[in-house]
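Worksheet: the structure to be examined is printed underneath.
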Amino acid sequence: MSFQLHSFAKPAYDTSGAMIETARDYTGRMNSAVIEAIHNHAFTVAGRRYRFIVQSSRLMANGDEADAWHGIASVVAQAFAG
C-alpha cells in the first residue's frame, strides 16, 4: 500500500511582526521531521504491523498563496507476515 503525507506552512513571524523563517524553510523542516519520524520504522495500524518506507519527498509553492509552501512525502507501507 502507498500513501502521501502532506505538510503545509506559511512564514513564521516573531511578536514584533518580523519574519523569522520563510515558508519554504519552515515546510522543509517539517517535511524532514516527518521523514525522520517514519522512514524505516515499524508501526501497528489497526492491529497489523507495517514498516513505512519514504520513497521520495518534495517541496512546492502553493498556487493560490505566494507565501505558502507544501511538503509531500511519498510512503510505501510493507506489511509484516502473520
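The values are calculated or read from the model by the stated rules, or taken from the named source; none is laboratory data. Computed from a prediction, not measured in an experiment: that's the story for all the values here. Because the Cβ atoms are built from the backbone with ideal geometry, glycine has one as well, and the counts that use them run over all protein chains shown. What goes into the accessible areas is simple: the full protein's heavy atoms, side chains included, and nothing from ligands, DNA or RNA. Shrake-Rupley method; radii C 1.70, N 1.55, O 1.52, S 1.80 Å.
Protein heavy-atom accessible surface, 1.4 Å probe, per residue over the chain: 65 Å². Efficiency by 1/(1 + (r/R0)^6): what FRET value for residue 48 and residue 6, r their Cβ-Cβ distance, R0 = 25 Å, to the nearest 0.05? So, using R0 = 25 Å, E works out to roughly 0.60. Considering only 18, 42, 68, the mean-square fluctuation computed in a Gaussian network model of the chain, springs between alpha carbons under 10 angstrom, is largest for 18. Leaving out ligands, DNA and RNA, and with a 1.4 Å probe, what % of the accessible surface on the chain is carbon or sulfur? Reported share for carbon and sulfur atoms: 53 percent. Of the listed residues 36, 65, the order by accessible area with a 1.4 Å probe, largest first, is 36, 65. Springs join every pair of Cα atoms under 10 Å in this Gaussian network model of the chain, and among 33, 46, 23 the largest mean-square fluctuation is at 46. Under a Gaussian network description of the chain, with springs only between Cα atoms under 10 Å, the residue in 57, 16, 32 that fluctuates furthest is 16.
Per residue, the convex hull spanned by the Cα atoms of the chain measures out at 107 cubic angstrom.
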